[in-house]
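A quick write-up on the structure given underneath.
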Amino acid sequence: MALLSIVLPAYNEEQNIENTSKVISQLLTENEIDYELVFISDGSKDGTFREIQKAASENPCIKGAEFSRNFGKEAGIFAGLELTSGDAVIVMDCDLQHPPEVIPKMWKLWLEGAEIVEGIKSNRGKESIFYKLSAGLFYKVMSRLIKMDMSASSDFKLLDRKVVDVLLELPERNTFFRALSFWAGFKTESIEYEVQERQFGTGKWSFLSLMKYAVANATSFSTLPLQLVTVMGVISILFSGILAIQTLVKYLMGTAVEGFTTVILLILIIGGFIMLSLGVIGHYIARIYEEVKGRPKYIIRSVTGNVQGNVSGAWRSKNR
Ligand code: UDP
Ligand code: MG
């Protein structure tokens, strides 16, 4: 029988682990789906990993790992994917904001041949207007940059083993799970769900972490920002050329204010060249950046449950 793996990244979620594992295990047992739950404690500062160990000791279908520090949700997802052995893998939040009732529906679509089942948000739960504006804007820009509709997409999705293997083979360090599954292609179905309200604990995203997330994802999926700098430099040099002629003509005709010509020429020319050089430097940094991406995405401190392979103690991220 086919096995379903569920990856649950968790950062400071000690109040959620027990409830979440109970709810999901019960649901999957009722639906007669063979499952394993993989919790990744993302360098939690509370008792999250203790709770995972407890859950793993009570239920052989539960396993988990703990990072040596907070590496972010993306790293949590990828570590989880590496520890799975299922024929299909679902990634979901461990605060039950992604409704578990959708799992059997995703599973059914997978049995019918889908290789990716995207969870699409039909609402966005309870979010502040400020958050809606910032996240909404971010997704609009991202959708343009990577040419995929990101506005309703989420990290709640099912991936076939084939897709998981493809994602795990990617050498890049700055991953963006949400977009990578689009990028990978494959036969995709989608399913709508309503974002639930969080029962325990609080959301982990601050404005700053959202901004960092946005910039990291935009730069990992597009080099457009770099090219923009170069384009701006070229435009400003062109303008300075035109203005230079105009100011020189005024100067020669004797209608210019004393000293103004030199100042305006210097500002225009220097400004143009600074921007152009920034663009060039940016391109070099982008190259170097591509090279140094070889670092591991995460470091595992310890594991619990039935985890195969040599992962305990040292870091391991398919270190090629
Ligand atoms: N999370 C994580 N590492 C982090 C931040 C969050 O693994 O650095 C996990 C968190 O435990 C939760 C999921 O990512 O399972 C979504 O986080 P949260 O509920 O705070 O985000 P929101 O629901 O507001 O999108
Ligand atoms: Mg949440």
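Computed from the coordinates by the stated procedures, all read-outs in this text should not be read as laboratory data. Note that the structure is a prediction, hence the values are computed from the model and not measured. All Cβ positions, even for glycine, are placed from backbone atoms using ideal geometry, and neighbour counts span all protein chains on display.
Just a few scattered comments:
- One chain, two ends: residue 285 and residue 227. Fully extended at 0.36 nm per residue, the span grows by 19.6 nm beyond their Cα-Cα distance.
- Unsatisfied cross-links (Cα-Cα over 21 Å) in the set 73/212; 63/121; 108/204: 63/121; 108/204
- Between segment 87-112 and segment 10-55, the alpha-carbon center distance in angstrom: 15 Å
- Added length on full extension, which subtracts the Cα-Cα distance from 0.36 nm per residue, residue 205 to residue 274: 21.3 nm
- Added length on full extension, which subtracts the Cα-Cα distance from 0.36 nm per residue, residue 197 to residue 267: 19.8 nm
- Label-point separation, residue 69 to residue 165 (7 Å along Cα→Cβ), nm: 3.5 nm
- Approximating the spin labels as points 7 Å out from Cα along Cα→Cβ, the residue 58-to-residue 120 distance works out to 3.8 nm.
- The simple Förster model, with R0 at 30 Å and r as the Cβ-Cβ distance, assigns residue 85 and residue 292 a FRET efficiency of 0.45.
- Segment 97-119 residues near the modelled residue 34 label - backbone nitrogen below 20 Å, point 7 Å along Cα→Cβ: 103-115
- FRET efficiency, 1/(1 + (r/R0)^6) with R0 51 Å, evaluated for residue 141 and residue 250 via beta carbons: 0.80
- Paramagnetic label zone (point 7 Å from Cα along Cα-to-C-beta, residue 237; backbone N under 15 Å) in segment 260-280: 268-280
- Anisotropy class of segment 1-141 from Cα gyration tensor, a/c 1.5 cut: oblate
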